[in-house]
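Right, one structure below, let's go through it.
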Amino acid sequence: MRLSFTFVICMALAAPVLAAPAYRAVNWLYVVPVSADTFEVIDDRGESARAIWCAAADYVRAAGLDGVRKRIYIVEPRGPSKTQPNVKAVMFTTNPDEEMANTPSSYSVSVNRRGENLGVGHAYNFCVSLLEERFDRF
């Protein structure tokens with residue numbers, strides 16, 4: 001009986017921290033799907049805006065949500081996560097409401113304003129530059 005109790009405790013401790021099924025982006029940030037076209041990038045390490053956009057674009061591409069001239073929009077700016085406790089996150093969508101769709105295109109990189117948007121390709125380019133910066137250190 002003691003062995004099985006120990007086994008249960010070990011298995012519970014080995015369970016992943018994220019309760020919802022999550023995608024791990026190329027830059028190691030977690031992305032949690034909220035609906036078919038809305039998702040949250042978890043910012044548990046105080047990442048830069050470029051890193052968050054990178055994770056969003058990587059998820060969009062991996063989930064097959066990208067298309068010709070597809071854009072990613074911020075639904076909820078950086079703040080408390082809606083899907084995970086005790087972390088910050090940014091919620092994105094590829095299917096904006098009318099108000100977001102009329103937000104001017106962005107060329108700056110911010111995660112602090114609802115409606116901020118970038119093309120998938122533009123945001124994915126941050127992954128390339130972030131990875132190059134990390135490998136240049138070695």
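The values are calculated or read from the model by the stated rules, or taken from the named source; none is laboratory data. Model, not experiment: these values are computed from the prediction. Glycine also receives a Cβ, built like all others from the backbone with ideal geometry; neighbour counts cover every protein chain displayed. The area values use the complete protein model at the heavy-atom level, side chains included, leaving out ligands, DNA and RNA. Shrake-Rupley method; radii C 1.70, N 1.55, O 1.52, S 1.80 Å.
For the range 61-74, the set of residues classified as open to solvent by 30 Å² or more (accessible area, probe 1.4 Å), of a type in the set (A, V, I, L, M, F, W, C) and touching a residue at least 24 places away in the same chain (Cβ under 8 Å) consists of 62, 63, 65, listed by residue number.
Filter the range 75-92 for residues that are closer than 19 Å to residue 110 by Cβ, open to solvent by less than 40 Å² (accessible area, probe 1.4 Å) and either among the basic types (Lys, Arg) or touching a strand residue (DSSP E or B) at 6+ places or on another chain (Cβ under 6 Å) (or both) and give the result. Hits for the range 75-92 are 75, 81, 89, 90, 91, 92.
Taking the range 95-111 as the search range and keeping residues that are touching a residue at least 40 places away in the same chain (Cβ under 8 Å) and under 18 Å from residue 51 (Cα atoms), which one is most open to solvent (accessible area, probe 1.4 Å)? The selected residue is 109. Within the range 82-92, not a single residue is without any contact (Cβ under 8 Å) to a residue 12 or more places away in the chain and over 16 Å from residue 43 (Cα atoms). Contact annotation: residue pairs with Cβ atoms under 8 Å, 6 or more positions apart or on different chains, pairing a residue in the range 24-48 that is over 19 Å from residue 75 (Cα atoms) with a partner that is at pLDDT below 95 and loosely packed, with under 14 Cβ neighbours inside 10 Å, are 26/131; 27/131.
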